[in-house]
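Notes for the one structure printed next.
Every number here is computed from the coordinates shown, using simple stated rules; none is lab data. Being a predicted model, the structure only gives us computed values, none of them experimental. Backbone-built Cβ (ideal geometry, glycine too); neighbour counts: all protein chains shown.
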């Protein structure tokens, strides 16, 4: 699984605790990367099961080609600009890191208008939790 905008790493760490074989955590914030490292070390998870990458998410997506991911978690800051998300989802839709069965989970503010952002992906399901909207997407 690939945790983009990893923050504390909670989504990826939860996946590892439930049997995920490999998780990558990507965030550009030094503070977030340090928090992921702290949280994961406290759980004594094998270093072979995860990789923490300090990088801008869009740059990571443009240049990374090693694996095709089963699950992508995308939980950007609520105030991220739509044009940035359009670029990110455009890079994801190119299928260089996704397969036909990849599940993309996008969390955002419930009032966010996302149709333009996700237009290159297939919307499977949408749900709401508090002030979050959760979209389940797949590549076409």
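Cα extents for the stretch 91-140 along the principal axes, largest to smallest and rounded to whole angstrom: 32, 19, 14.
Rounded to the nearest 500 deg cm²/dmol, what is the calculated helix-only ellipticity per residue at 222 nm for the chain, with -39500 (n - 2.57) per DSSP H run of length n ≥ 4? Before the final figure, lay out the partial values.
On the way: 4 runs with 39 residues, N = 140.
Helix-only estimate at 222 nm: -8000 deg cm²/dmol.
For a paramagnetic label modelled on residue 68 (point 7 Å from Cα along Cα→Cβ), amide N atoms under 18 Å away belong, within the stretch 75-117, to 91-105.
Size descriptors for the stretch 56-134, from the alpha-carbon set: Rg then Dmax equal 12.3, 36 Å.
Angle of helix 82-93 to the longest C-alpha principal axis of the chain, folded into 0 to 90 degrees and rounded to 10: 70°.
Taking 30 Å as R0, compute the FRET efficiency from the Cβ-Cβ separation of residue 138 and residue 37 and round it to 0.05. Present the calculation step by step, with values, prior to reporting the outcome.
On the way: r = 31 Å, r/R0 = 1.03.
It comes to 0.45.
When only C-alpha pairs under 8 Å and at least 6 residues apart count, what is the relative contact order of the chain, in percent?
Numbers: 260 pairs, mean separation 29.4, N = 140.
About 21 percent, as a whole number.
Using a Gaussian network model of the chain with C-alpha springs under 10 Å, which one of 15, 32, 100 is most mobile by mean-square fluctuation? Of 15, 32, 100, the Gaussian network model singles out 100 as fluctuating most.
Taking Cα atoms, how many degrees apart are the long axis of helix 30-41 and the longest axis of the chain, rounded to 10 and kept between 0 and 90? Once rounded, the angle reads 50 degrees.
When only alpha carbons are used to place a centre, the stretch 4-43 and the stretch 75-95 end up 20 Å from one another.
Plainly put, the chain has a radius of gyration that is 0.94 times its Kirkwood radius, both from alpha-carbon atoms, as the Rg/Rh ratio. Among 78-84, 57-63, sorting by the average number of other beta carbon atoms lying within 10 angstrom of each residue, highest first, gives 57-63, 78-84. Over 5 Å intervals from 0, what percent of Cα-Cα pairs in the stretch 45-92 sits in each interval? Binned Cα distances yield the sequence 5, 15, 26, 28, 15, 8, 4, 1. Computed over the alpha-carbon atoms, the stretch 1-72 gives an Rg to Rh ratio of 0.93, Rh here being the Kirkwood radius from the mean inverse distance.
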